[in-house]
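Accompanying notes for the structure given below.
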């Protein structure tokens with residue numbers, strides 16, 4: 001069970017206006033055809049490594065993350081762009097099992113806001129606003145996707161960890177080991 005964390009914090013301007021506009025332009029131009037489909041969360045995804053401007057935005061958020069989470073030592077783990085549309089869009093209630101100790105979820109663009117719930121409270125974000133919270137410890141989800149016939153909501157998830165986290169001590173691929181142990185634990189629990 002995760003320890004009690006401070007309430008999430010809304011960050012009003014995550015990126016400078018020029019960077020945000022460039023990111024919107026580049027990601028919309030790319031389109032979902034160049035992204036992978038994640039059926040579990042009903043979204044199209046693009047890793048920061050696949051888009052140089054997204055990686056540049058991730059690097060620029062590091063000082064903000066250190067200030068927001070009051071940690072001079074936190075390091076970037078990974079960032080992910082997610083585009084939601086149609087009735088397939090969903091985000092079930094979960095806590096992250098990846099390298100997400102510190103999470104900054106940023107709204108890139110949207111036709112209609114879609115509340116992000118963290119620790120039983122809804123947060124509505126505008127483009128270039130973010131929500132800072134503890135992804136591994138705080139339950140988060142979204143309710144039904146609004147106006148699925150016309151809505152599009154795009155987010156970037158910036159994730160950070162401390163230097164002693166498995167992401168840095170064992171490497172990013174250690175996540176496969178963690179997920180295999182979780183799966184085995186579930187199988188044993190059903191026997």
remark   = Scanning the stretch 14-65 residue by residue, the ones that are on the phi > 0 side of the Ramachandran plot and loosely packed, with under 13 Cβ neighbours inside 10 Å total 1
Any hit, the stretch 158-168, residues being assigned to a strand (DSSP E or B), over 13 Å from the mean Cα position of the chain (by Cα) and surrounded by fewer than 17 Cβ atoms within 10 Å (Cβ to Cβ) = no
remark   = Flagged pairs (Cβ under 8 angstrom, 6 or more apart or on separate chains; first in the stretch 139-154, without any contact (Cβ under 8 Å) to a residue 40 or more places away in the chain; second surrounded by 19 or more Cβ atoms within 10 Å (Cβ to Cβ)) are 146/114
task = Please find, among 77, 71, the residue that is in a strand (DSSP E or B), over 26 Å from residue 145 (Cα atoms), in contact with a strand residue (DSSP E or B) (Cβ under 8 Å, 6 or more places away or on another chain) and in contact (Cβ under 8 Å) with a residue 60 or more places away in the chain.
result = 77
message = Go through (1) part of a loop (DSSP other than H, G, I, E, B); (2) surrounded by fewer than 22 Cβ atoms within 10 Å (Cβ to Cβ); (3) in contact (Cβ under 8 Å) with a residue 60 or more places away in the chain for residue 99 and report which single condition fails.
response = (2)
message = Among the numbered criteria (1) under 15 Å from residue 132 (Cβ atoms); (2) more than 16 Å from the chain's Cα centre (by Cα); (3) in contact (Cβ under 8 Å) with a residue 12 or more places away in the chain, which one does residue 86 miss?
response = (1)
task = Looking only at the stretch 142-158, decide whether some residue is more than 21 Å from residue 26 (Cα to Cα) and at pLDDT below 95.
result = no
ask   = Somewhere in the stretch 44-64, is a residue in contact (Cβ under 8 Å) with a residue 40 or more places away in the chain, under 20 Å from residue 139 (Cα atoms) and under 16 Å from the mean Cα position of the chain (by Cα)?
value = no
ask   = Do we have residue 122 as without any contact (Cβ under 8 Å) to a residue 60 or more places away in the chain and either surrounded by 18 or more Cβ atoms within 10 Å (Cβ to Cβ) or in a loop (DSSP other than H, G, I, E, B) (or both) here?
value = no
inquiry  = Every residue in the stretch 31-52 that is more than 19 Å from residue 103 (Cα to Cα) and outside any strand (DSSP E or B), please.
reply    = 31, 32, 33, 34, 35, 39, 40, 42, 50, 51, 52
request  = Could you tell me whether the stretch 3-25 includes any residue that is touching a residue at least 24 places away in the same chain (Cβ under 8 Å), assigned to a helix (DSSP H, G or I), in contact with a strand residue (DSSP E or B) (Cβ under 6 Å, 6 or more places away or on another chain) and under 18 Å from residue 153 (Cα atoms)?
outcome  = yes
ask   = Listed residues 143, 182; which is out of contact with any strand residue (DSSP E or B) (no Cβ under 9 Å at 6 or more places or on another chain) and farther than 27 Å from residue 64 by Cβ?
value = 182
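The values are calculated or read from the model by the stated rules, or taken from the named source; none is laboratory data. Just so you know, these numbers come straight off a predicted model, no measurement behind them. Using ideal geometry, Cβ is built from the backbone for each residue, glycine included, and neighbour counts are taken over all protein chains shown.
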